[in-house]
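Please read the structure below before turning to the comments.
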Amino acid sequence: MQDQIQKLPKVELHSHLEGTINPKLFHEIAKRNNVDFDEDIFDEDGGYAWTDFPSFLNAYDSVSSCLKNAKDYRDIMYEYLKDCSSQNVIYAETFISPDHASDCGISYNDLIRGCAKGIDDAQLDFGIIGRIIVTCVRHLGPQKGVDVAQKMVDNPHPYVVGFGMGGDENSFKLIDFAPAFNIAAKANYPCTVHAGEICGAESVWDAINYLPVSRIGHGVRSVEDEHLLDVLKNRNIALEICPGSNLALSIYPSWESHPIKLIMSKGISVSLNSDDPPFFHTSVGQEYQGCADQLGFEIKHLKSISTMAIKSSFADPETKLNLLNKISQS
């Protein structure tokens, strides 16, 4: 079955580009940019060191600080998509953070230019299709969110297909970010937002009540409210589920306790995702394999997840149709 899973066309809708930088690539970029860094960001095994969600965010910011120009973003996008393609991922949407880029002295247009070059090069070399979701950072506040959304709308690019928000779920209230999301939605950008990961079902309610979202990043704690599950199904709001991330951050103690099977049994659309793969020692392929090994998913279940992911993606209709045909013929 492992060989069947490897060959299965896969889809990723939830990864943070800055969070895909593996330690080897980090060292390469830091060296060429003459960036000094504290060795404490690595653990004894050479991976990234963190202990809880706040320290993970700090480690994420430290790793992102090595980025200084468009080429850096080209390289991390290219390497991320290259790695995805080796697991037979046919389509990937990844979150990029203009605020992180700005902190490193990189303009919005240079950020997009670098990412687009990485997408083009990866599609040419590996056939994978990559797209971008621009995100604001929740703990930086609502005004920063408005600034990011407006910059995205004012500088359209065909590879930018949506708007979202990550960061600390305990910061501010989701209704505070309605102005930012409304800017994106009024310009016809579909939206997603992190909720129901660190915080409970009430955060998902806030997301779907106050923001124009068609997807929820994570959303696993929706299972704490039976009525919410019904609403998600009836409103066709998809969940971007990241089991490996949830386990690494101790949202759930084990695969057996993870609620993805329950969520799917309710008829809710889901995708399987790696989130920040080198931080959580995972990959898209490992997420699919884990669901098979730990939860008993069969190929038909995993194939249906890829199909649901394409349907809930922010890709254009022609791309969706082509990718759905590729999955159905596999």
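Each reported figure results from applying straightforward, stated rules to the coordinates on display, with no laboratory input. Note that the structure is a prediction, hence the values are computed from the model and not measured. So basically every Cβ, Gly included, is an ideal-geometry build from the backbone, and we count neighbours across all protein chains shown.
With label points built 7 Å along Cα→Cβ from the Cα atoms of Tyr159 and Arg32, find their separation and express it in nm.
Computed distance between label sites Tyr159 and Arg32 equals 1.6 nm.
In the range 240-266, whose amide N lies under 17 Å from the spot 7 Å out along Cα-to-Cβ of Lys300? List them in ranges.
264-266
For the ranges 30-38, 236-244, 316-324, what's the packing order if you count other beta-carbon atoms within 10 Å of each residue, average per peptide, and put the highest first?
Ranking the peptides 30-38, 236-244, 316-324 by packing returns 236-244, 316-324, 30-38.
Rank Asn109, Pro190, Ser85 by how far each Cα sits towards the positive end of the charge dipole of the chain (+1 on Lys, Arg Cβ; -1 on Asp, Glu Cβ) and give me just the farthest.
Pro190
So if R0 is 30 Å, what FRET efficiency would Lys311 and Phe172 give, r being the distance between their Cβ atoms, rounded to the nearest 0.05?
The formula returns an efficiency of 0.45 here.
Can you list residues from other chains, or at least 5 along the same chain, whose modelled amide H is less than 5 Å from the amide H of Ala195?
Here Gly217, Gly219 satisfy the definition.
Would you mind calculating the gained length between Gln329 and Ser102 on full extension (0.36 nm times residue separation, minus the Cα-Cα distance), in nm to one decimal?
On the way: separation 227, 0.36 × 227 = 81.72 nm, distance 4.29 nm.
Answer, rounded to one decimal: 77.4 nm.
Roughly how big is the chain's charge dipole about its Cα centre, with Cβ charges of +1 (Lys, Arg) and -1 (Asp, Glu), in debye to the nearest 20?
In total the dipole reaches around 1420 debye.
Beyond 21 Å, what share of the Cα-Cα pairs of the range 148-260 remains, rounded to the nearest whole percent?
On the way: 2414 of 6328 pairs.
Counting pairs separated by more than 21 Å, the tail of P(r) holds 38 percent.
Mind checking Rg over Rh on the range 174-330, alpha carbons, Kirkwood formula for Rh?
Looking at the range 174-330, the ratio lands at 0.96.
How large is the charge dipole for the range 146-219, taken about the Cα centre, if only the Cβ atoms of Lys, Arg (+1) and Asp, Glu (-1) carry charge, to the nearest 20 debye?
300 debye
Once you have the Cα-Cα distance between Glu226 and Ser254, take 0.36 nm times their residue separation minus that, and quote the gain in nm to one decimal. Spell out each step's value before the answer.
Numbers: separation 28, 0.36 × 28 = 10.08 nm, distance 2.18 nm.
Between Glu226 and Ser254, full extension yields an extra 7.9 nm.
Based on alpha-carbon centroids, what's the gap between the range 23-69 and the range 97-123 in Å, whole number please?
If you average the Cα positions of each part, the centres end up 18 Å apart.
Cα atoms only, the range 39-78: Rg and Dmax in Å?
11.8, 31
Let me make sure I get this right: for the chain, a, b and c are the square roots of the gyration tensor eigenvalues over alpha carbons, sorted descending. Under 1.5 in a/c it's rounded, otherwise prolate if a/b > b/c, else oblate. Which is it? Mind showing how you got there, number by number?
Details: a/c = 1.27, a/b = 1.15, b/c = 1.10.
Cα axes put the chain in the rounded bin.
Sorted by packing (mean other beta-carbon atoms within 10 Å per residue), highest first, where do 173-185, 93-105, 289-301 land? Walk me through the numbers before you get to the answer.
On the way: 173-185: 19.0, 93-105: 20.9, 289-301: 15.7.
Averaged packing, sorted descending, gives the order 93-105, 173-185, 289-301.
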